[in-house]
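Everything on this sheet refers to the single structure shown next.
No value in this document is a laboratory result; all are computed from the given coordinates. Only a predicted model underlies this, so the values are computations on that prediction, with no experimental measurement involved. Glycine gets a Cβ as well: all are built from the backbone with ideal geometry, and neighbour counts include every protein chain shown.
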Amino acid sequence: MKIAAFLDSPLKEAFLTAGIEFVFPAANYKKNIKKVNDNIKLIIVEDKIKREITKKYPDKIIIGV
């Protein structure tokens with residue numbers, strides 16, 4: 001399963017270290033959200049943007065941190 005994450009530091013650094021392939025800054029999520037495709041099943045996001053991501057991708061598993 002492919003995972004995408006939209007996080008700010010230091011969480012961003014932790015997920016990059018863990019080997020998550022698609023890690024983007026939460027501040028620029030509107031620009032990078034286009035890179036989320038059908039292969040990605042799980043999206044990890046900052047709580048502040050969880051609502052917008054959930055609306056855009058209701059078929060994905062969204063986890064807020």
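Structure above, values below:
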{"item": "Largest-first principal axis extents, alpha carbons of the chain, Å", "result": "27, 25, 20"}
{"item": "Total formal charge among the other residues, if their Cβ is under 15 angstrom from that of A26, Lys/Arg +1 and Asp/Glu -1", "result": "+3"}
{"item": "Neighbour-limited loop hits for GluC sites (Glu not before Pro), segment 10-55 (at most 12 other Cβ within 10 Å; DSSP other than H, G, I, E, B)", "result": "E21"}
{"item": "Value at 222 nm in deg cm²/dmol, rounded to 500, when DSSP H runs of n ≥ 4 in the chain each add -39,500 (n - 2.57)", "result": "-6500 deg cm²/dmol"}
